[in-house]
Structures are given as structure tokens and as C-alpha cells.
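I have placed the structure first, in the form of C-alpha cells, so that the comments after it can refer back to it.
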Amino acid sequence: MAAAAQKLLSRMGTLGVGLAVAGGVAQSALYNVDGGQRAVIFDRFSGVKNEIVGEGTHFIIPWVQRPIHFDIRSTPRAISTITGSKDLQNVQITLRILHRPDPAKLPSIYLNIGLDYAERVLPSITNEVLKAVVAQFDAHEMITQREKVSKHVSDALCERAAQFGLLLDDISITHLGFGREFTEAVEMKQVAQQEAEKAKYLVEKAEQMKIAAITTAEGDAQAAKLLSLAFKGAGDSLIELRKIEAAEEIAERMAKAKNVAYLPSNQNTLLNLNQIQ
């Protein structure tokens, strides 16, 4: 009885070990590819296979094959460089690049570049393209034609990156700086333009004042001429009329004043005051 029980336990232990080994083998034969990822298979005997594995759970031969995962989602990267413009000005330019690997070229990327493809490829080709494009524009054109410069950089960089199996979804210039000498020259130019605009305004104002003075003088001359003709036609009667109008205006103003007193014309008030004293 004891021997039978011992034999049963031995069989169960052997079965448990077999199940554990089988479970371990089965687990090592399965792998997952998450969303936004792709995988290529490295085979110990045939090397990197050309097959690209999509999302989901897949089988491999344990120990013989190994999955290599790639993230195919767009990844941002900022790259800065200093180069020279067409007029020999130092230009500091920064690009923001959204990049991802071409899923169809993942085996070639792993075989020729490696998993760190972005660090190996993007800085070198970005510096190369920026130096070639910026050299076609002077510093002033870099500012006034920024969209054109950005398009030239984008087209050239996309074409260059495609040679390495990289796709660039977006390229934008986030910073554009120049040397101290050029910056000071731009500031001096702006000040000069402001001074020129101010001088232009003063000249225009003087011209307008001159025109106004000429117009006023012509009006006064015309009025004097008309008065002269009126005096010749009406004689002293016009002068008397003007005197009467002026007297009426003065009398009207004095009548409204509070500190004005009217005295009879036939009395000498000062003499009467002496008599009272």
C-alpha cells in the first residue's frame, strides 16, 4: 500500500514537472505586439526575416527566434544647429520634427541602422539639409521669406530621410536667431526708419502750415481788396456805419456788465461831491 502511494506520488511529480516545462515552453513561444507597434523576427539560423509582424499575439520558436519591437507612432524631436547665410551671417535655427519609421522598411532599418535609428540619422541629415538650404538665403530673406525657407527645408529633409526608411510627418522652424552684429544692425535700421517717418511727418506738417498761411494771406488780400472797393463806392458813409455798429456792440457788452454805472450827461458829478464834502 505504501509502495503504491509512493509510486503514485512519483508519477504525479513527474507529470507536474512535465506540465511546468511544457508551460514554460509554451509561454516562451508566445509574444505580444502592442498597439502602435510592429515587430520583426530575428532567427539564429537565417538572420532578420523580411516579415513584418502586426499587432496581437504571435508564436515563435523558442531560443531560435526573437521578436524585435518598433514603435511606429510619430515621435517629436528638436534639433538645433548654427550655420551661415548667403551674406555670411551666423544663423541659429531650431527645427521640431515629428518622425516615425516606415513599417515596410523595418527589417532594413534594424539590419543597417539599429533600434536607435533616430539618434544616428536625424541629427546628421538635419544639419546637412539646413546648411545647404540656409546658404541659399541672406539674413533678411530668412526673416521675410520664412515660409519659403521652411518649405525648402521640409522638402529636402523628407527626401533625405526617406533614403534611410524614415517618414517625417511635420517639420517646423521653432526658433530663428542671428548674430549680435546683425541684431544691432536691424535695431539701428528700425530706429532710422522711425526717424525718417518722423521727419517725413514734420515736412508734411510744415507744408500744410505753409499752404494754410498762403490761403489765409490770399483771403486777407481779397478781403482788403473788397473793402477798398467798398470805400471807394460808398465814401464816408460806410465808415460811419462801421462806427455805429462798433458802438452798438460796445454798448451791448457794457449793458451786460455788473460794475458799470450810468451818469447823466448834463451834470458834473465830481463837482457835486466836492460841495457835499
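The values are calculated or read from the model by the stated rules, or taken from the named source; none is laboratory data. The structure presented is a predicted model; accordingly, all values stated were derived computationally and were not measured. Because the Cβ atoms are built from the backbone with ideal geometry, glycine has one as well, and the counts that use them run over all protein chains shown. Ligands, DNA and RNA are excluded from the accessible area calculation, which covers all protein heavy atoms including side chains. Shrake-Rupley method; radii C 1.70, N 1.55, O 1.52, S 1.80 Å.
General observations
- Packing around the peptides 210-220, 41-51, taken as the average count of other Cβ atoms within 10 Å per residue, puts them in this order, highest first: 41-51, 210-220.
- Full extension of the segment from Ile72 to Leu202, taken as 0.36 nm per residue of separation minus the current Cα-Cα distance, would add 40.4 nm.
- Long-range amide H partners of Gln37 with built H, under 5 Å: Ile72
- Carbon + sulfur, % of accessible area of region 73-177 - ligands and nucleic acids excluded, 1.4 Å: 50
- The portion of the accessible surface of region 26-70 made up by carbon and sulfur, rounded to a whole percent, is 52 (1.4 Å probe; DNA, RNA and ligands excluded).
- Length available on full extension from Trp63 to Leu176: 0.36 nm per residue minus the Cα-Cα distance, which gives 35.5 nm.
- Spin-label zone in region 143-164 - amide nitrogen under 16 Å from a point set 7 Å from the Cα of Gln92 along the C-beta vector: none
- Inter-label distance, nm, simple model (7 Å from Cα along the C-beta direction), Ala257/Lys210: 4.6
- Protection proxy ranking of 129-141, 56-68 - average other beta-carbon atoms within 10 Å, highest first: 129-141, 56-68
- In this structure region 65-151 gives 52 Å² per residue of accessible area when probed at 1.4 Å with all protein chains present.
- Compared with the alpha-carbon gap, the fully stretched path from Asp34 to Asp220 is longer by 57.5 nm at 0.36 nm per residue.
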